[in-house]
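Enquirer: The structure's right below; bear with me while I get my questions together.
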Amino acid sequence: MAVWGSEQDAKTYQQRVELAGDRVNGVNVKLLHVPNNGDYGTKIQSMISEGNPPDIIQVAESVHSYSSKNQLLPLNNFIETEKLDLVGRFGERAAHSYDREGKTWALPDRNGPMVLYYNKDLFDKDGVPYPTADWKWPDFLAAAQKLTVKDGDKTMRYGFAAGDWWPWWMAFMLQNGGRILDDAGKPVINSPENAKAMQFYADLVHKHHVAPSKKDYEALKISSPDQLFAQGNAAMIMTGFWNIAALKETPQVRWGISPLFKNTKQATISFQSGLAITKSSRRPELAFKVLDFLTSAEGQKPIATTGQDAPANREVQDSEEFLRPAWAIGDVSMDAFKQSAEFAFAPPMTPEWGSMQKAFGTIIGEICDGVVTPKDGLAAAQRSLENLGK
């Protein structure tokens, strides 16, 4: 079984595959850990071309770069034979997140939606009520304005911090009813809904001055909102489960988490990964039994107890081990991740997702930097995406 990630990821996966070895008759799972996600796809493709692929591979947005090349085994027959209830196990939205052309190519394994982290001390000091899932854009903006502190022209503390990474701005598009692709897979990034979302997002930096620009990050010698938040210099950030590990090392920040705010609809981005079986696996039946176990409540429990991520299994999402884990700090509840899973969207899982990011990345960055208007920038992004198919 091949996976990517940190040493913490490797330890958790090792614990889980050892459990699988105990629970699944006749199986011994050897873990192949690739530390650098950027090297992972190259490593897997090399193993496939050499005729010695892993039986099981971790997949995410790139799942259909494999399935479109006939490199994965469809799981439908195994699911039917084992009478596996995907909706019952993973929930309606996540159950078929790896489907394509009527076939299921992977089972959900980790499912960590992006949530709103907030600094409780700063909210308390400025008399701002804590965020809730009922917040709308005006509520969020009003709080960010009140929490921003200036000394003359210099901003001492930002109410919010983000940037031009796709999950941040795409969440705002989804919250305003926008999309990147329609149901037929055609680009629809240039829409009134998306233009309004990007205008609101860019205005946080350039009009309301409640969030740092790229130049502000450079001047502060900081590369991410997570760092700014850990210093106590940003009251709110949108980020994933991984930020908890860093905040455990900064006990001076008393923080909480909430589902993201909304505009016309509730929406967030889900950072998820699944487990798939390679087409040329010599032990597909046994591999599926391992997948079945690893996505069961018992197989997913270590994800929660080690603080690795948010598990995909709904039973574990509801468990005390995840909602109020032994490793948590203070009174932070993980329930925001479970609530957010109900309205979390995965990025478009098309074989072209990597190329799509390159096509719109620079243009969207220019919108975020205030260099181009959302109208002009999204029109250019639309043309770039349409040119991918030519």
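The values are calculated or read from the model by the stated rules, or taken from the named source; none is laboratory data. Just so it is clear, the model here is predicted, and its values are computed rather than measured. Virtual Cβ from ideal backbone geometry, glycine too; neighbours counted across all protein chains shown. Heads up: the accessible areas ignore ligands, DNA and RNA and are worked out on the full protein's heavy atoms, side chains in. Shrake-Rupley method; radii C 1.70, N 1.55, O 1.52, S 1.80 Å.
Enquirer: With in a helix (DSSP H, G or I), among the polar types (S, T, N, Q) and touching a Ser or Thr at 6+ places or on another chain (Cβ under 6 Å) as the only criterion, which of Ser384, Ser355, Ser340 stands out?
Expert: Of the residues listed, the single one that is in a helix (DSSP H, G or I), among the polar types (S, T, N, Q) and touching a Ser or Thr at 6+ places or on another chain (Cβ under 6 Å) is Ser340.
Enquirer: Being among the hydroxyl-bearing types (Ser, Thr, Tyr), open to solvent by 20 Å² or more (accessible area, probe 1.4 Å), closer than 19 Å to Pro113 by Cβ and out of contact with any Leu (no Cβ under 9 Å at 6 or more places or on another chain): is that true of Ser224 here?
Expert: Taking the combined requirement at face value, the residue satisfies it.
Enquirer: To continue, here is another question. What number goes with the only condition from (1) at pLDDT below 95; (2) crowded, with 23+ Cβ neighbours inside 10 Å; (3) not aromatic (Phe, Trp, Tyr) that Ala245 does not pass?
Expert: Every listed condition holds for Ala245 apart from (2).
Enquirer: Let me ask you something else. Name every residue in the range 144-164 that is closer than 18 Å to Asn194 by Cβ and either surrounded by fewer than 17 Cβ atoms within 10 Å (Cβ to Cβ) or touching a Gly at 6+ places or on another chain (Cβ under 6 Å) (or both), in order of residue number.
Expert: Residue satisfying the conditions is Asp164 alone.
Enquirer: In the range 356-383, which residue that is closer than 20 Å to His64 by Cβ and in contact (Cβ under 8 Å) with a residue 12 or more places away in the chain is nearest to the chain's Cα centre (by Cα)?
Expert: Gln357
Enquirer: Can you find a residue in the range 109-117 that is within 23 Å of the chain's Cα centre (by Cα), open to solvent by 10 Å² or more (accessible area, probe 1.4 Å) and in contact (Cβ under 8 Å) with a residue 40 or more places away in the chain?
Expert: yes
Enquirer: Does the range 13-23 contain at least one residue that is within 20 Å of Pro302 (Cα to Cα), in contact with a Leu (Cβ under 8 Å, 6 or more places away or on another chain) and of a type in the set (Ser, Thr, Tyr)?
Expert: For the range 13-23, residues within 20 Å of Pro302 (Cα to Cα), in contact with a Leu (Cβ under 8 Å, 6 or more places away or on another chain) and of a type in the set (Ser, Thr, Tyr): present.
Enquirer: Can you pull out every residue in the range 172-212 that is open to solvent by 30 Å² or more (accessible area, probe 1.4 Å), closer than 13 Å to Gly370 by Cβ and in contact (Cβ under 8 Å) with a residue 60 or more places away in the chain?
Expert: Gln199, His206, His208, His209
Enquirer: Then there's this: Taking helices (runs of 4 or more DSSP H) that fall entirely within the range 5-68, which contain at least 3 residues that are free of Cβ contacts under 8 Å to residues at least 12 places away in the same chain?
Expert: Ranges flagged: 7-23, 37-49.
Enquirer: Let me ask something else. What pairs come out if I take residues in the range 214-237 that are in contact (Cβ under 8 Å) with a residue 12 or more places away in the chain and hydrophobic (A, V, I, L, M, F, W, C) and pair them with residues that are buried (at least 18 other Cβ atoms within 10 Å of the Cβ) and in a loop (DSSP other than H, G, I, E, B) whose C-beta lies under 6 Å away, six or more apart or interchain?
Expert: Listed pairs, sorted by first residue: Leu228/Ile222; Ala235/Gly159; Met236/Phe160.
Enquirer: If you go through the range 181-212 one residue at a time, how many are of a type outside the set (A, V, I, L, M, F, W, C) and at pLDDT below 95?
Expert: Residues that pass the stated criteria total 5.
Enquirer: As an exercise: evaluate Ser273 against (1) assigned to a strand (DSSP E or B); (2) in contact with a helix residue (DSSP H, G or I) (Cβ under 8 Å, 6 or more places away or on another chain) and give the number of the one condition it does not meet.
Expert: The single condition Ser273 does not satisfy is (2).
Enquirer: If you don't mind, another one. Output the number of residues of the range 338-364 satisfying the condition of being in contact with a helix residue (DSSP H, G or I) (Cβ under 8 Å, 6 or more places away or on another chain) and over 30 Å from Glu320 (Cβ atoms).
Expert: 16
Enquirer: Please go through the range 17-43 and give me each residue that is under 22 Å from the mean Cα position of the chain (by Cα) and crowded, with 16+ Cβ neighbours inside 10 Å, ordered by number.
Expert: His33, Val34, Tyr40, Gly41
Enquirer: Give the residues of the range 243-270 that are closer than 30 Å to Gln58 by Cα, in contact (Cβ under 8 Å) with a residue 24 or more places away in the chain and not in a loop (DSSP other than H, G, I, E, B), sorted by residue number.
Expert: Within the range 243-270, Asn243, Ile244, Ala245, Leu247, Ile257, Ser258, Gln266, Thr268, Ile269, Ser270 qualify.
Enquirer: Just one of (1) open to solvent by 30 Å² or more (accessible area, probe 1.4 Å); (2) in contact (Cβ under 8 Å) with a residue 12 or more places away in the chain trips up Lys83, so point out which.
Expert: (2)
Enquirer: In the range 303-322, what residues are open to solvent by less than 20 Å² (accessible area, probe 1.4 Å), farther than 21 Å from Ala267 by Cβ and either part of a helix (DSSP H, G or I) or touching a Cys at 6+ places or on another chain (Cβ under 8 Å) (or both)?
Expert: Ile303, Ala304, Val316, Phe322
Enquirer: Where residues in the range 334-355 are touching a residue at least 40 places away in the same chain (Cβ under 8 Å) and polar (S, T, N, Q), which of them is least open to solvent (accessible area, probe 1.4 Å)?
Expert: It comes out as Ser340.
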